[in-house]
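Here the structure is laid out as structure tokens; the discussion comes afterwards.
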Amino acid sequence: MNDRYESPLCTRYASEYMLSLFSPQKRVETWRRLWTELARAEYELGLPVSAEQVRELEEHITDIDFEYAAQREKEVRHDVMAHIAAYGKAAPSAAGIIHLGATSCFVTDNGDLILYREGLRYLRGELLKLLKILARFADRWKAQPTLGYTHYQPAQPVTVGKRATLWMQDLVSDLEEIDFVLSSIRFLGCRGTTGTEASFLNLFEGDEEKIDELNRRLAAAFGFEACFPVCGQTYPRKLDSRILNCLSAIGQSLYRMAQDIRLLQHDRQLEEPFGESQIGSSAMAYKRNPMRCERICSLSRYLMADALNAPLTASAQWLERTLDDSADRRLSMPEAFLCADSVLRLAQNVCAGLRVNEKVIGKALREYLPFIATENLLMEAVKHGGDRQQVHEIIRRCSMEATEAMRGGGECDLFERLEKQPGLPLTKEELAETLSPEKYIGRCPQQVEAFLERLRPLLEGVDTTAPEPGL
């Protein structure tokens, strides 16, 4: 259908896995799994639920009648109750015990926790894949000198590989944040309308141990080690802030990387992949715009802005529960996961095909290296008996003259000027020796090797198949 709005995250950018994870089918299947496990635990702990009812619930987890649920929701204005009715229609013998003792947040909040955890685990794998791709790139180009920049002005040379490790270090930080958030996720459990467990105190006739055991079994059934110690009707919305901050951090790192590539592509030092039939501009046929990196930056901005929703929601919780978080979370949480997934996929594609133009890099170095080399030149001249202050003045004067000539469109002729200076006690060959780029990259190759060695165990066995970037 082309007469209805569809999110570009769904139609253009996100992976099939992430689209499936946040689909209505997956969401309601997760609710039904929760209802089934609740019924199972209640049966095993002696409440009036039969093994046959649990079995029938198990048999109808996936066959969801969305049309019936939608019609029912129009009547009752309550999505959870509509799906309870749809589940009861599919499993009639269990209809009377579905949701026993629970409130809506039992399925909505626990369901979200399950989906968010799976989404974070998936993104963690995608981050590792990107790191592995960049590790190969950094290792290959670890000793390739390139002009460094501070304030986006030419500065001391670095190497292409060393620059990639700066991007990687940011991504490792994001990986650490994901691991922290995953370690801090707890299950809500079945805690009742205000978190007091009063309904289960009634059902279990005051047996508090059975209530604790019910929640232990529910948490374990979904792979959680524990429930939140206390809660209102919902799990703490501070967790949503942690999750979206974590996804925002990925956007920050990838924006920085993509922007660096865009700057370097302007000078043709690096270039993102460009398809054989790709069109860079509808008017300017020669163009090779860095559209994939531009898209990374664009989506990353959206992701960083989306992350503001969670702290605004967390700060506005009223006492034990308010519902003004619901519509916001339906949008902001899935969209953040889909967006983070999209930028990671784009980044993998770009980095797997990143082109290094060595001749262009060499030309840029040759243009600026004479200026960068002047400090070393000064030291060498003094070693050969020159007067430090006189040599400094010679270099300063010649540098200003060479710069002025370049402003007029000429090439850098600094060393040609220096060769003619009688007060500079260096031969032409000795002057040329100072222009070797490798003399100015410091420990870049060793730093790359040490950094990659630390990451090696983490990246062992990681698949590096890069996806297509979407439309």
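The values are calculated or read from the model by the stated rules, or taken from the named source; none is laboratory data. Model, not experiment: these values are computed from the prediction. Backbone-built Cβ (ideal geometry, glycine too); neighbour counts: all protein chains shown.
Being over 23 Å from TYR116 (Cα atoms), among the charged types (D, E, K, R) and not in a helix (DSSP H, G or I) is a description that applies to ARG288.
Among the residues of the range 4-46, which ones are among the aliphatic types (A, V, I, L, M) and over 26 Å from SER300 (Cβ atoms)? Hits for the range 4-46 are VAL28, LEU34, LEU38, ALA39, ALA41, LEU45. The single residue among PRO457, PRO370, PRO425 that is outside any helix (DSSP H, G or I) and either surrounded by fewer than 14 Cβ atoms within 10 Å (Cβ to Cβ) or at pLDDT below 90 (or both) turns out to be PRO425.
A single member of ALA95, ALA41 is out of contact with any Leu (no Cβ under 7 Å at 6 or more places or on another chain), of a type in the set (A, V, I, L, M, F, W, C) and surrounded by 15 or more Cβ atoms within 10 Å (Cβ to Cβ), and it is ALA95. Looking at the range 1-21 only, could you name the residues that are surrounded by 14 or more Cβ atoms within 10 Å (Cβ to Cβ) and closer than 15 Å to THR62 by Cα? If the condition is that a residue be surrounded by 14 or more Cβ atoms within 10 Å (Cβ to Cβ) and closer than 15 Å to THR62 by Cα, then LEU21 is the only one that fits.
Okay, residues lined up against (1) touching a residue at least 60 places away in the same chain (Cβ under 8 Å); (2) among the polar types (S, T, N, Q); (3) over 30 Å from LYS210 (Cα atoms); (4) out of contact with any Cys (no Cβ under 7 Å at 6 or more places or on another chain):
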position	(1), (2), (3), (4)
ASN2	no, yes, yes, yes
TYR5	no, no, yes, yes
ARG12	yes, no, yes, yes
SER20	no, yes, yes, yes
GLU59	no, no, no, yes
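Scanning the range 428-454 for residues that are within 30 Å of ARG140 (Cβ to Cβ), buried (at least 16 other Cβ atoms within 10 Å of the Cβ) and among the aliphatic types (A, V, I, L, M) yields LEU435, ILE441, VAL448, LEU452.
Just one of the listed residues (ILE250, ILE185) is under 32 Å from the mean Cα position of the chain (by Cα) and either aromatic (Phe, Trp, Tyr) or closer than 22 Å to LEU344 by Cα (or both), and it is ILE250.
You will find that of ALA381, ALA405, the residue that is of a type in the set (Gly, Ala, Ser), free of Cβ contacts under 8 Å to residues at least 40 places away in the same chain and surrounded by 14 or more Cβ atoms within 10 Å (Cβ to Cβ) is ALA405 and no other. Evaluation of ARG72 against the conditions (1) in contact (Cβ under 8 Å) with a residue 60 or more places away in the chain; (2) part of a helix (DSSP H, G or I) shows that the sole unmet condition is (1). For the range 85-123, the set of residues classified as of a type outside the set (S, T, N, Q) and without any contact (Cβ under 8 Å) to a residue 40 or more places away in the chain consists of ALA85, ALA86, GLY88, LYS89, ALA90, ALA91, PRO92, ALA95, GLY96, listed by residue number.
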